[in-house]
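Here is the structure we will look at.
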Amino acid sequence: MGGEAISPELLNLLIVDDERAVREGCREAGEALGFQTHVAEHAEGAYRLLESYGIDVVLLDLRLPGDSGIDVLIEIRRRRHSDQVIVFTSYYTVQTAVHALRYGVYNTVTMSVQ
């Protein structure tokens, strides 16, 4: 984001991850930065929140139960809910990167599992 000022108090952040610790850690960080945060542990929950709130930014794990993160990304684009989707995963491959880029992901973050 190269030094651009963000006004997070106006932004709704959706965090989609099936791991509770990750969701809660991201929620705490988002709230500390002034974002209004919403969390979902699976695709269906994400779809409901996308319909209910004006989501500005989505942090999206690629590995989810049921619909995959790529499925969620496709649905976000189809419904035109958010321009800023950041994909994060510890199971990153070239194939997933190509899929994410094809559907307009804003950025990707690879996490290492230890």
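Multiplying the sequence separation of Glu44 and Ala32 by 0.36 nm and subtracting their Cα-Cα distance, what value in nm do you get? All intermediate terms of the calculation are to be shown ahead of the outcome.
Values: separation 12, 0.36 × 12 = 4.32 nm, distance 2.65 nm.
Gain on extension, Glu44 to Ala32, equals 1.7 nm.
How much length is gained if the chain between Ser68 and Asp18 is pulled fully straight, taking 0.36 nm per residue apart and subtracting their Cα-Cα distance, in nm to one decimal? Each step should come with its number before you reach the end.
Values: separation 50, 0.36 × 50 = 18.00 nm, distance 1.08 nm.
Length gained between Ser68 and Asp18: 16.9 nm.
Would you mind computing the Rg to Rh ratio of the stretch 12-61 from its alpha-carbon coordinates, Kirkwood style for Rh?
Working: Rg = 9.7 Å, Rh = 10.5 Å.
With Rg and the Kirkwood Rh in hand, the quotient comes to 0.93.
Fewest Cβ neighbours within 10 Å first, please rank Leu13, Leu49, Leu73 accordingly.
Taking fewest neighbouring Cβ atoms as first place, the list is Leu49, Leu73, Leu13.
No lab work stands behind these numbers, since they all come straight from the coordinates. If you're wondering where the values come from, they're calculated on a predicted model, not measured in any experiment. With ideal geometry, Cβ positions are generated from the backbone for all residues, glycine too; neighbour counts draw on all protein chains shown.
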